[in-house]
Amino acid sequence: MPDSEAPLLIARDLVAGYVPGVNILNGMSVDVVPGQVRCVLGPNGTGKSTLLKAMFGFLPTQSGTMQLRGAPVLGTPPHSMGALGITYLPQRPSVFPFLSVEVNLRLGTWAFRHDRARVRERTERALTQFPILRERLRQTAGTMSGGQQRQLEIARALMGDPTVLLMDEPTASIEPRVAGQIYEIIQGLARAGKAVLLVDQNIKGALGIADHVYVMRTGTLFEEGPRAQFTDEVETLVSRWLYTR
């Protein structure tokens, strides 16, 4: 997908932090584009997860702007983001471990829970896209493997048919084979027209599916460009990001 595609979500000059007077984001800007996976990479502690939290409204911003289809949306509370077509997949596990896979999925349809036909249609679509969930529909979610739980989280996030997905390290602590499957799922979402912003520590895996890359350092944008710009070996890239001033 060419980088010339018009962005759907535009964030500019975001400044935010968790403690008054101590900012983690210091003017970070990103575009989220339909049909693309845009990856945010960089060393630990540079503000990658903070960026997604600020964009989704979990963390108030000190300054900056964010527009969805040209309309300002920065500061929208998280519980209203779904209605705008924006969903967020946190890094930490978010399944309800003592509820079944089916109930976890249906919680993703809460906004239209009284529309039974729509709930059935979305559930069937999720089970078709994630066959392992159909096999384990009655199973308690917390008894599944980490990779299976992650697929459940992604499936639940898709139940509302979002247009923008903010994803924080979706393959963290997951075995490489299953991580590869999750990357394929993410890439498939972009091919279906979704706009994906992916924060990741797995540089090699992320670059394998990225259309465009943002590299953060100390809360700001250090480097960005299309995937072809980042063809060096991972060790070389990391050295450049860590030691270039």
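Please treat every number below as a calculation from the coordinates, not as lab data. The structure displayed is predicted, hence computed values, not measured ones. Cβ: placed from backbone, ideal geometry, glycine included. Neighbour counts: every protein chain shown.
Under a Gaussian network description of the chain, with springs only between Cα atoms under 10 Å, the residue in THR61, THR140, THR231 that fluctuates furthest is THR231. Taking the DSSP beta bridges with both ends in the chain, the antiparallel portion is around 55 percent. Look at where the Cα atoms of the range 159-216 and of the range 43-92 average out, and the two centres are 17 Å apart. Where only DSSP H runs of four or more residues are counted, the chain gives -10500 deg cm²/dmol as its mean residue ellipticity at 222 nm, each run worth -39500 (n - 2.57). Summary: within the chain, the longest segment free of chymotrypsin sites (Phe, Trp or Tyr not before Pro) located in DSSP loops with at most 11 other C-beta atoms within 10 Å is 99-245. Highest GNM mean-square fluctuation among ALA111, ALA155, ALA126, for the chain modelled with Cα contacts below 10 Å: ALA111. Charged neighbours of VAL234, selected by a Cβ distance under 13 Å, balance to -2 (K, R count +1; D, E count -1). Close amide H contacts of LEU221 (hydrogens built in the peptide plane, cut-off under 5 Å, sequence separation of 5 or more or a different chain): SER29. The charge dipole of the chain, taken about the Cα centre with unit charges on the Cβ atoms of Lys, Arg (+1) and Asp, Glu (-1), comes to about 760 debye, rounded to the nearest 20. Placing unit charges on the Cβ atoms only, positive for Lys and Arg and negative for Asp and Glu, gives the range 94-161 a dipole magnitude near 120 debye about its Cα centre.
For GLY208, neighbours were defined as the other residues whose beta-carbon sits under 11 Å from its Cβ, and their charges (Lys and Arg +1, Asp and Glu -1) total 0.
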